[in-house]
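Engineer: Below is a structure I'd like to ask you about.
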Amino acid sequence: MRDNIHDVIIIGGSYAGLSAAMQLGRARRKVLVIDDGLRRNRFASHSHGFLTQDGVDPAVLAATARAQVMKYPTVRWVSARADTAQRIESANDADGAAFEVNVGNERHVSRRLLLATGVKDILPEIVGLQQRWGKSVFHCPYCHGYELNQGQIGVIAGSAISMHHALMLPDWGPTTLLLNNAFEPDAEQLKALASRGASIEQSPIEAITGHADVQLADGRTLPFAGLFVLAHFELASHIPQQLNLDMEHGPIGSVIKTDTVRETSMPGVFACGDVARPMASVALAVGDGNLAGASLHRSLMFSAI
Ligand SMILES: Cc1cc2nc3c(=O)[nH]c(=O)nc-3n(C[C@H](O)[C@H](O)[C@H](O)COP(=O)(O)OP(=O)(O)OC[C@H]3O[C@@H](n4cnc5c(N)ncnc54)[C@H](O)[C@@H]3O)c2cc1C
């Protein structure tokens, strides 16, 4: 039995999960990475803001990371979706298996569990928006604002939270807040928008066409270099809920609550990357995974769970 037990099962083998796997592989620990290949940024062809890799195709980043991690002989990979994960109630101390993960008919067991399962974006239902996501419609100005070359930027309002986008984006180009019946700015908000030089468009949006051309209900079409939307997010996997982990709730979505070393409310279960932080980026996911990997290693050595 002992030989079949992994030190750590990592669910989610993108930037955060692979970064943790590298730490653990370098400590010669037995790791199983389970991943079904649905990275959050799979819609984009360029990733920005990660030192040494600025502008690289995010698929190439992930493939290079995976190739580097899989050179460590104690790391195994399964390309599949993990269906369930649970604490083994009758954990056998001699074996040390504490968690089981089911992938189809296969059962895998481990001493520790890492969730790096990410989140998925819930986009507003506007004709033409989904197919332009990551290409000319974005959420993160730091990731994609610079490449708009100070051209016209449209912010599609989802609620009053879109004020945040509208006030930030003038640093990347002349900005129009497209209200789309989502909210009505009050006097103070109007003043703030004016002080940042952002203009307002009242007519609702009918569709997005061309590169990022917004067709309005009143018949006009406004062409933009790029559009930003307020995307809400959901966890990409229901395993955190299955494990009944404590969550942190924010205005656009909830993430798994962790302590400073990335351990969750269930001892022995760690979480890193977008699934455990509201502010998302590849660099932050990699840093988080690095921390979680080292924390898991210490937990294996020094903590009873
Ligand atoms: C359109 C777009 C563009 C972006 N551009 C940038 C950019 O330019 N720069 C930047 O820094 N950030 C960018 N981001 C943000 C970036 O994508 C995320 O911060 C990053 O992917 C987080 O990495 P992660 O490893 O936490 O999660 P993810 O990359 O989302 O990976 C999670 C992995 O877990 C897997 N998974 C989930 N559940 C299961 C399960 N049950 N079983 C098996 N596998 C599972 C998924 O298939 C996926 O492979 C962008 C995001 C979007 C949406």
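Engineer: I'm told A27 meets every condition in (1) surrounded by fewer than 21 Cβ atoms within 10 Å (Cβ to Cβ); (2) within 22 Å of L243 (Cβ to Cβ); (3) away from the ligand (no atom under 14 Å from the Cβ) except one. Can you identify the failing condition by its number?
Structural biologist: The number of the failed condition is (2).
Engineer: Is there a residue in segment 237-256 that is modelled with pLDDT under 95 and within 10 Å of the ligand (Cβ to nearest atom)?
Structural biologist: no
Engineer: Filter segment 233-254 down to the residues that are touching a Leu at 6+ places or on another chain (Cβ under 8 Å) and assigned to a strand (DSSP E or B) and list them by number.
Structural biologist: S254, the sole residue that qualifies.
Engineer: Filter segment 276-294 down to residues that are surrounded by fewer than 24 Cβ atoms within 10 Å (Cβ to Cβ), of a type in the set (G, A, S), assigned to a helix (DSSP H, G or I) and within 16 Å of the ligand (Cβ to nearest atom), then give me how many there are.
Structural biologist: Total meeting the criteria: 2.
Engineer: Let me ask something additional. Can you name the residue in segment 7-24 that is in contact with a strand residue (DSSP E or B) (Cβ under 9 Å, 6 or more places away or on another chain) and either assigned to a loop (DSSP other than H, G, I, E, B) or of a type outside the set (A, V, I, L, M) (or both) and is also farthest from the ligand (Cβ to nearest atom) among such residues?
Structural biologist: Filtering first and then ranking leaves D7.
Engineer: Spot the failing condition for S265; the list is (1) more than 16 Å from the ligand (Cβ to nearest atom); (2) outside any loop (DSSP other than H, G, I, E, B); (3) in contact with a Lys or Arg (Cβ under 8 Å, 6 or more places away or on another chain), and only one is missed.
Structural biologist: If we test S265 against (1) more than 16 Å from the ligand (Cβ to nearest atom); (2) outside any loop (DSSP other than H, G, I, E, B); (3) in contact with a Lys or Arg (Cβ under 8 Å, 6 or more places away or on another chain), just (2) comes out false.
The values are calculated or read from the model by the stated rules, or taken from the named source; none is laboratory data. Predicted, not measured: the structure shown is a model, and the values here were computed from it. Glycine also receives a Cβ, built like all others from the backbone with ideal geometry; neighbour counts cover every protein chain displayed.
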